[in-house]
Amino acid sequence: MEYYFLGTVERVIFENASNYFKIVLLNIDETDSDFEDVDIIVTGTMADIIEGQDYTFWGNLTRHPKYGEQLQVSRYEKARPSASGLINYFSSPQFSGIGKKTAKKIVDLYGDNAIDQILEDPNQLKKIKGLSALTREKFLAKLKLNYGTEQILARLATYGLNHRVSLTIFDYYKEEALDVIKENPYQLVEDIKGIGFTVADQLAEQLGISSDSPQRFRAALIHSLTKLSWDRGDTYVEARDLLEQSLSLLEESRSLEIDPSLVAQELSQLIADGKVQHSDTKIFENSLFHAEAGIQKNLRRILDNSLEQVLDQHRLNEEIEKTEKQLGITYDQEQKTAICQALSQKVFILTGGPGTGKTTIIKGIIDIYSRIHQIDTKKKDLPIILAAPTGRAARRMNELTGLPSATIHRHLGLTSDDSDYQALDDYLDGDLIIVDEFSMVDTWLAHQLLAAIASHSQVIIVGDSDQLPSVGPGQVLADLLAIADIPQARLEKIFRQSDQSTIVTLASQMREGQLPHDFTEKKPDRSYFEAQAQHIPQMVEKIVQAALNSGLAPQDIQILAPMYRGLAGITNLNKLLQDLLNPLRDQLEFNVNDQAFRKGDKVLHLVNDAELNVFNGDIGYITDLIPAKYTESKQDEILLDFDGIETSYPRKDWHKITLAYAMSIHKSQGSEFPVIILPLTSQSGRMLQRNLIYTAITRAKSKLVLLGEWTAFDYAVKQEGTQRKTYLKERFLPELIPTESKTYPQDVDKPVGNDPISGENSTPSLETRDNYRLTEDNWSRIDPMIGLTKADIEAFFNKS
């Protein structure tokens, strides 16, 4: 049941600037509930709340297990003063140039409901003598600041929008929000990220906009184009797919049949207006179209500027020999060829799997380049720039080369993840620029990077094209490798492997689409346990405990999983590992969004923050929890340490971190861990793809534990995955000719393969396999660790 509470806000206890959630303490003057205390905690989504001001809040009473009865607000407004109160308010120091007499004239003109009337019809103020135009403008601006927000939010609420959506709209348009919605509610789809077609269409229907309005078709097309590009990772959508998706969206939203020709006609108009781009039947979202074009343009700009100094083959061979002696290594012919090419080309791509020597080659390139150009690598302001897409990958480059390295975002001065942010021209003014883990770089970031590189620079791109593509649209590394005229080398021979190491070999076999015959056999550095999803948590707990008993440190153990939901998902495994590795006992704990944070917790940073030098994918630890009463922000704060970078996050910033005992395989890219535990079952469905599994197992430095269903692993390595639709290769024609011109079909255009759930045609022929598989009939009766003792597991971790 909804109640109202009128009173004075004593204190704003907490606020989250990212979503407007607030907790306030209200001193009660009046209420229609039977609440008896003089104060009440009010929680919910609210705009600017001013301490000491009177407000009326409406909402439902709820009971917090720790803090007691509270009001969950559904709407609110600032209390309106009486006529005498209005005169005092208008003549207060808040409104310069208005005295008591002028204030009384304003109230007499507009009446007791003066504030609403003024905001509705400000032109009436011109009738008041002595009120100059400048004073009138300042008065209106201040009044809108104080009361306009609540008025706009109240109007938005009448359209059926929830408070959070209303605040998002107001935050973008400010005082023009209502005018924009009345004129064209579908403008929200084009302007505001997170506001989709359904919300805009609900507004439009209330405003009487017909179902066949061109504005409605435009919004559906733009929404569908953006969503399809993000969901599939494509940089364009075929016109037929876009029209089908848009028609489906339009008809589902209002349950009315739409003439397809009208939607197609509006698509043509969007193209004519420059709101979307096209090439034949390929339709591009604007920023992706221009980003791909920018990649081609800037690569061509760099390639067209010749190297100032090119060494002959004899000199290069001599320099390689010097480097081999100095670094104490021996390069094979494949690696020597790669070094020579890299030093002789303006742009060079080096690709290869784990253990093929990419890092060794980079060290050799830097050593030779420094010697040729007489560079003292111990000095500051080096003309050699090392970059990577994640903080951990950048730090690993620094550890392996001994030279400064930073994220691409930090080099470019990017402080956010927005695709439309423009970096500074020629910001990366280095002579030699080496970018590692390039498979993670999406179309937007690749464009920003290349646009910021000076024309005279020599660029070396390094990455493993068999890993997962970028989270954002595009497959830039794979596309560039398909262009024959861009110098490149693929390393095939595996070097980083001892007789006791099998992880790199396993990765190589999986890359070829097959599980080895000894996949389930115990090896010195890897092990496999068969289990269904419901047994994964129990097995993970036992395996981790055995690893700890063998002397491994908790920070050396990392669980990777494809999904967040489910018993074997990241969310559940994080809770399990937190209780195992960092139990609560008597310590303090902060809770937010069904997640608990404790001192000592391992956490993952989720956004890029160049100012703090902490980036998406960085792993850190909570060093302390500080209650609000001890902090300047008057909010609970978490102290964090990210590889020596210490920072403090008030509660409003906690959305930037999450527990990291278990993490997604995507988030693990660019990192390596001593021990990887990888659970995989058929519940992961469409995510079971070769590059996902390949990426996961190549994160393991010394130990790999695989558990789950053999059929799921087998299915995954046989699925190449959906090749993304991109137009980057075609943009190099006719200047650079692609090595192949085949088109890549989507999942709907090709056989999906064997069903991972039924496992048809994928079960191994060994009859004994059914003897150890857990089924619905026996899972509750059979120990998932059957046949294995605690000593067996600990022996695996104790082996070097």
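The values are calculated or read from the model by the stated rules, or taken from the named source; none is laboratory data. Treat the numbers as computed from the prediction; the structure is a model and nothing was measured. Methodologically, a virtual Cβ is constructed for each residue, glycine included, from the backbone with ideal geometry; neighbour enumeration extends over all protein chains shown. When the accessible area is computed, the model is the full protein with side chains, heavy atoms only, and any ligands, DNA or RNA have been set aside. Shrake-Rupley method; radii C 1.70, N 1.55, O 1.52, S 1.80 Å.
Restricting to the stretch 182-197, give me the number of residues that are free of Cβ contacts under 8 Å to residues at least 60 places away in the same chain and part of a helix (DSSP H, G or I). Break it down stepwise before answering.
Within the stretch 182-197, the first condition is being free of Cβ contacts under 8 Å to residues at least 60 places away in the same chain, and the residues that meet it are 182-189, 191-197.
This time we only want the ones that are part of a helix (DSSP H, G or I), so: 182-183, 187-189, 191, 197.
Matching residues across the stretch 182-197 total 7.
Within the stretch 641-650, is there a residue that is under 19 Å from the mean Cα position of the chain (by Cα), in contact (Cβ under 8 Å) with a residue 24 or more places away in the chain, surrounded by fewer than 21 Cβ atoms within 10 Å (Cβ to Cβ) and part of a loop (DSSP other than H, G, I, E, B)?
Scanning the stretch 641-650 turns up no residue that is under 19 Å from the mean Cα position of the chain (by Cα), in contact (Cβ under 8 Å) with a residue 24 or more places away in the chain, surrounded by fewer than 21 Cβ atoms within 10 Å (Cβ to Cβ) and part of a loop (DSSP other than H, G, I, E, B).
Does D179 meet the test of being surrounded by fewer than 23 Cβ atoms within 10 Å (Cβ to Cβ), within 24 Å of the chain's Cα centre (by Cα) and free of Cβ contacts under 8 Å to residues at least 24 places away in the same chain?
On the way: surrounded by fewer than 23 Cβ atoms within 10 Å (Cβ to Cβ): yes; within 24 Å of the chain's Cα centre (by Cα): no; free of Cβ contacts under 8 Å to residues at least 24 places away in the same chain: yes.
No: the conditions fail for D179.
Checking the condition more than 27 Å from the chain's Cα centre (by Cα), free of Cβ contacts under 8 Å to residues at least 40 places away in the same chain and assigned to a helix (DSSP H, G or I), which residue from I339, I329, I362 passes?
Values: I329 fails: assigned to a helix (DSSP H, G or I); I362 fails: free of Cβ contacts under 8 Å to residues at least 40 places away in the same chain.
None of the others qualify; the one that does is I339.
Looking at the stretch 24-40 only, could you name the residues that are within 24 Å of R651 (Cβ to Cβ) and open to solvent by less than 40 Å² (accessible area, probe 1.4 Å)? Let's see the steps before the verdict.
First, the residues of the stretch 24-40 that are within 24 Å of R651 (Cβ to Cβ): 24-27, 39-40.
V24, L25, L26, I40 - these are the residues of the stretch 24-40 that are within 24 Å of R651 (Cβ to Cβ) and open to solvent by less than 40 Å² (accessible area, probe 1.4 Å).
Check whether at least one residue in the stretch 58-69 is of a type in the set (G, A, S), touching a residue at least 40 places away in the same chain (Cβ under 8 Å) and not assigned by the TED database to the domain that holds I195, and report yes or no. It would help to see each step written out before you state the result.
Applying the first criterion (of a type in the set (G, A, S)) to the stretch 58-69 yields 59, 68.
Pick out the ones that are also touching a residue at least 40 places away in the same chain (Cβ under 8 Å) and you get 59.
If we keep only those that are not assigned by the TED database to the domain that holds I195 as well, we get 59.
Within the stretch 58-69 (the criterion being of a type in the set (G, A, S), touching a residue at least 40 places away in the same chain (Cβ under 8 Å) and not assigned by the TED database to the domain that holds I195), the answer is yes, since at least one residue qualifies.
Of everything in the stretch 608-633, what is assigned to a loop (DSSP other than H, G, I, E, B) and either touching a Phe, Trp or Tyr at 6+ places or on another chain (Cβ under 8 Å) or modelled with pLDDT of 90 or more (or both)? Give them in sequence order.
Residues of the stretch 608-633 assigned to a loop (DSSP other than H, G, I, E, B): 608, 610-613, 615-618, 627, 631-633.
Selection gives N608, D618.
Condition check ((1) open to solvent by 10 Å² or more (accessible area, probe 1.4 Å); (2) more than 29 Å from E292 (Cβ to Cβ); (3) part of a helix (DSSP H, G or I)) across all residues:
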| site | (1), (2), (3) |
| --- | --- |
| V199 | yes, yes, yes |
| L203 | no, yes, yes |
| G208 | yes, yes, no |
| Q215 | yes, no, yes |
| L221 | no, no, yes |
| L225 | no, no, yes |
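So G59 fits all but one of (1) assigned to a strand (DSSP E or B); (2) touching a Ser or Thr at 6+ places or on another chain (Cβ under 6 Å); (3) open to solvent by less than 20 Å² (accessible area, probe 1.4 Å); (4) modelled with pLDDT under 90; what number is the exception?
(4)
Just one of A338, A393, A293 is under 30 Å from E730 (Cα atoms) and in the same structural domain as V471 (by the TED database); which is it? Please lay out each step first, then the result.
On the way: A393 fails: under 30 Å from E730 (Cα atoms); A293 fails: in the same structural domain as V471 (by the TED database).
Testing whether each residue is under 30 Å from E730 (Cα atoms) and in the same structural domain as V471 (by the TED database) leaves just A338.
Among the residues that make up the stretch 10-28, is at least one of them more than 39 Å from the chain's Cα centre (by Cα) and more than 27 Å from K138 (Cβ to Cβ)?
Just the residues of the stretch 10-28 that are more than 39 Å from the chain's Cα centre (by Cα), to begin with: 27-28.
Still in the running and more than 27 Å from K138 (Cβ to Cβ): 27-28.
Taking every residue of the stretch 10-28 in turn, at least one turns out to be more than 39 Å from the chain's Cα centre (by Cα) and more than 27 Å from K138 (Cβ to Cβ).
Taking the stretch 377-391, which residues are touching a helix residue (DSSP H, G or I) at 6+ places or on another chain (Cβ under 8 Å) and either within 23 Å of E672 (Cα to Cα) or among the charged types (D, E, K, R) (or both)? Please lay out each step first, then the result.
Taking the stretch 377-391 and keeping what is touching a helix residue (DSSP H, G or I) at 6+ places or on another chain (Cβ under 8 Å), we get 377, 384-390.
Once the filter is applied, which keeps residues that are touching a helix residue (DSSP H, G or I) at 6+ places or on another chain (Cβ under 8 Å) and either within 23 Å of E672 (Cα to Cα) or among the charged types (D, E, K, R) (or both), the stretch 377-391 yields I385, L386, A387, A388, P389, T390.
Residue-wise test of (1) at pLDDT 95 or above; (2) within 29 Å of P650 (Cα to Cα); (3) not in a loop (DSSP other than H, G, I, E, B).
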position: P537; (1), (2), (3): no, no, yes
position: A547; (1), (2), (3): no, no, yes
position: G566; (1), (2), (3): no, no, no
position: T571; (1), (2), (3): no, yes, yes
position: F590; (1), (2), (3): no, yes, yes
position: A596; (1), (2), (3): no, yes, yes
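Considering only the stretch 316-326, I want to know if a residue exists there that is of a type outside the set (A, V, I, L, M), surrounded by 16 or more Cβ atoms within 10 Å (Cβ to Cβ) and either outside any helix (DSSP H, G or I) or in contact (Cβ under 8 Å) with a residue 12 or more places away in the chain (or both). Even if it seems obvious, please write down each step before you answer.
We begin by selecting, within the stretch 316-326, every residue of a type outside the set (A, V, I, L, M); these are 317-319, 321-326.
Subsequent filtering for residues that are surrounded by 16 or more Cβ atoms within 10 Å (Cβ to Cβ) retains 319, 323.
In the following step, the residues that additionally are either outside any helix (DSSP H, G or I) or in contact (Cβ under 8 Å) with a residue 12 or more places away in the chain (or both) were identified as 319, 323.
Within the stretch 316-326 (the criterion being of a type outside the set (A, V, I, L, M), surrounded by 16 or more Cβ atoms within 10 Å (Cβ to Cβ) and either outside any helix (DSSP H, G or I) or in contact (Cβ under 8 Å) with a residue 12 or more places away in the chain (or both)), the answer is yes, since at least one residue qualifies.
Tell me, yes or no, whether the stretch 482-501 has at least one residue that is at pLDDT 90 or above, in contact with a Leu (Cβ under 9 Å, 6 or more places away or on another chain) and open to solvent by 30 Å² or more (accessible area, probe 1.4 Å).
yes
If you scan the stretch 450-493, which residues turn out to be charged (D, E, K, R), under 23 Å from the mean Cα position of the chain (by Cα) and not in a loop (DSSP other than H, G, I, E, B)? Outline the logic, then answer.
Of all residues in the stretch 450-493, those charged (D, E, K, R) come to 464, 466, 479, 485, 490, 492-493.
From what's left, under 23 Å from the mean Cα position of the chain (by Cα): 464, 466, 479.
Correct list: D479 only.
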